[in-house]
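Worksheet for the structure shown next.
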Amino acid sequence: MTVSAIQITAVDDQKDATVEKMLGFLDVAGRRGSELVVLPEIWTGTGFSSDEAYLDIAETIPGPTTDLLAEKAKQYGMYIVGSMYEKDGNQHYNSSPLINPDGEIMGKYWKTHLFDAPNRPDIKGGIRESDHVEAGTELPVFKTNPANIGVSVCSDLRFPEVYRELALKGAEVIVCASAFLSPRFDHWEFFLRARATENQCWVVASGQYGVDPLTGIGYVGRSMVVDPWGTIVATASDEEGIITTEIDLNFADEVKRRYPLMDQRRPDLYEHIGKSKDQVPLYK
């Protein structure tokens, strides 16, 4: 299976130019024979330049931007997934639609673990994603012709339960659309490698890259593909661009044969994993 990950620097007041740039990279991915292309988180604009910026960036799904992505998906016969601000009635979501090779939206994932970091010293005023968007309530796995695909977004990485749930639902490839903040490249890499290794699946991650000229906020970039053994098989350099590589879905089966970790799970011991904050000893 041929997969690609695209990384760009999104700027809030340059949405049209950003979309055009992304369409160009999708042409590259298509010419390379990509079957799955992963775009970054909120790639049409991060919405961090002001409290209201996300409102101008958000659009319906389906909508103008997903229509353009659908054309590329159909033109090249590939799946496309990435995160953008969605307006749904009076609500807004950090939404990742999955578009199939027929140009249809198979479904979408609304980011579940919103990034609230009000006390980050390097960002004036901090970030509270929950002030702008609603959290999703489902962790879907999409059955596609190449593979079962699970979808995650950025700060989901810090919650291993997300990836274990997707793996138990049969995900063979888990994508992560991200705008992971610099300088935490070390966190970015080991989270991705850990999620792939502990769940014995492929992880394809795309990240925003560079420094947003409107906000001064920097992003790690370093989009990468990690195999079920935790090995990085492809990684992007420090620039806007695209990585493309082949992944062998059978390799995950081989890893599981060697180390049948899922068979050795002890759910009877994990009584607190699925409980809310007020039900666990940590908070009592």
Tally, over the stretch 224-249, of residues that are touching a Phe, Trp or Tyr at 6+ places or on another chain (Cβ under 6 Å) and either of a type in the set (Lys, Arg) or free of Cβ contacts under 8 Å to residues at least 12 places away in the same chain (or both): 0
Long-range neighbours under 7 Å by Cβ, at least six apart or interchain, first residue farther than 14 Å from Ala167 by Cβ within the stretch 250-265, second surrounded by 12 or more Cβ atoms within 10 Å (Cβ to Cβ): Phe251/Asp227; Phe251/Pro228
Those strands (runs of 3 or more DSSP E) lying entirely in the stretch 80-182 with at least 2 residues buried (at least 22 other Cβ atoms within 10 Å of the Cβ) and of a type in the set (A, V, I, L, M, F, W, C): 91-99, 148-153, 173-178
Given (1) assigned to a loop (DSSP other than H, G, I, E, B); (2) touching a residue at least 24 places away in the same chain (Cβ under 8 Å), number of the condition Gly216 does not satisfy: (2)
Residue that is surrounded by the most Cβ atoms within 10 Å (Cβ to Cβ), among those in the stretch 8-28 that are touching a Leu at 6+ places or on another chain (Cβ under 9 Å) and in contact (Cβ under 8 Å) with a residue 60 or more places away in the chain: Ile8
Hey, Pro228 closer than 27 Å to Pro146 by Cβ, part of a loop (DSSP other than H, G, I, E, B) and in contact with an Asp or Glu (Cβ under 9 Å, 6 or more places away or on another chain) or not: yes
Enumeration of residues in the stretch 190-213 that are outside any strand (DSSP E or B) and of a type in the set (A, V, I, L, M, F, W, C): Phe190, Phe191, Leu192, Ala194, Ala196, Cys201
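To keep it simple, each residue is scored yes or no on (1) in a loop (DSSP other than H, G, I, E, B); (2) farther than 27 Å from Trp43 by Cα; (3) not β-branched (Val, Ile, Thr).
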position: Val233; (1), (2), (3): no, no, no
position: Asp238; (1), (2), (3): yes, no, yes
position: Ile242; (1), (2), (3): no, no, no
position: Thr245; (1), (2), (3): no, no, no
position: Arg257; (1), (2), (3): no, yes, yes
position: Pro260; (1), (2), (3): yes, yes, yes
position: His272; (1), (2), (3): yes, yes, yes
position: Asp278; (1), (2), (3): no, yes, yes
position: Leu282; (1), (2), (3): no, yes, yes
Spans of helices (runs of 4 or more DSSP H) in the stretch 1-76 with at least 2 residues within 23 Å of Gly150 (Cα to Cα): 15-31, 64-76
Residue in the stretch 265-278 that is hydrophobic (A, V, I, L, M, F, W, C) and exposed (fewer than 11 other Cβ atoms within 10 Å of the Cβ) present: yes
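Read-outs: derived from the displayed coordinates by stated rules, not from any lab. Quick caveat: nothing in here was measured; it's all calculated off a predicted structure. Here Cβ is always computed from backbone atoms with ideal geometry, including for glycine, and neighbour counts include all displayed protein chains.
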